[in-house]
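Everything below concerns the one structure shown next.
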Amino acid sequence: QVQLVESGGGLVQAGGSLRLSCTASGRTFSRSAMAWFRQTPGNDRKWVAGINWSGDSTFYRDSVKGRFTISRDNAKNTVYLQMNSLKPEDTAVYYCAARTPAVTTEARDYNYWGQGTQVTVSS
């Protein structure tokens, strides 16, 4: 079992930065692939970024490449999403998710989810 708690969301102006954190409980975190998804009202959750269990492989959707960075600290059971050069279209509820063994881009593949954190980017 893995329980996930996100933090770090908020309101920021376009061009600004935020760092999201997702802290996990459970002994399987270090063996889990982790991902961030985001969701806007009336839409499905969309995959944003993923990282493998060791942290040496990262993956991004095209629209965030070069602006977002996913990382993890297995000693702290935490995964991060550093978001720079934020745009109004990045506004969403952001969720972290965990699965084994590997990163995928489909929400249905993930077993564990956090409660979400709101990110709002004003123009």
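The values are calculated or read from the model by the stated rules, or taken from the named source; none is laboratory data. Just so it is clear, the model here is predicted, and its values are computed rather than measured. Glycine also receives a Cβ, built like all others from the backbone with ideal geometry; neighbour counts cover every protein chain displayed. Side chains are part of the model used for accessible areas, which takes the heavy atoms of the whole protein and leaves out ligands, DNA and RNA. Shrake-Rupley method; radii C 1.70, N 1.55, O 1.52, S 1.80 Å.
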Qualifying positions in segment 1-11 - open to solvent by less than 20 Å² (accessible area, probe 1.4 Å) and assigned to a strand (DSSP E or B): L4, E6
Of the residues R45, R99, R108, R38, which is in contact with an Asp or Glu (Cβ under 7 Å, 6 or more places away or on another chain) and either farther than 23 Å from Q1 by Cα or not hydroxyl-bearing (S, T, Y) (or both)? R99
Against the definition (without any contact (Cβ under 8 Å) to a residue 40 or more places away in the chain and closer than 19 Å to A98 by Cβ), how does D73 come out, yes or no? yes
When residues of segment 83-113 are filtered for being farther than 16 Å from A24 by Cα and either open to solvent by less than 60 Å² (accessible area, probe 1.4 Å) or among the small types (G, A, S) (or both), how many remain? 14
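To keep it simple, each residue is scored yes or no on (1) farther than 20 Å from A102 by Cα; (2) open to solvent by less than 30 Å² (accessible area, probe 1.4 Å).
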{"site": "S25", "(1), (2)": "no, no"}
{"site": "T28", "(1), (2)": "no, no"}
{"site": "S32", "(1), (2)": "no, yes"}
{"site": "S63", "(1), (2)": "yes, no"}
{"site": "T69", "(1), (2)": "no, no"}
Identify all residues within segment 12-23 that are open to solvent by less than 50 Å² (accessible area, probe 1.4 Å) and outside any strand (DSSP E or B); write none if there are none. G16
Does segment 56-69 contain any residue that is within 10 Å of the chain's Cα centre (by Cα) and farther than 23 Å from S123 by Cα? no
Of all residues making up segment 36-52, the number that are more than 14 Å from the chain's Cα centre (by Cα) and closer than 17 Å to Y112 by Cα: 1
Segment 35-70, residues that are touching a Gly at 6+ places or on another chain (Cβ under 7 Å) and touching a residue at least 60 places away in the same chain (Cβ under 8 Å): A35
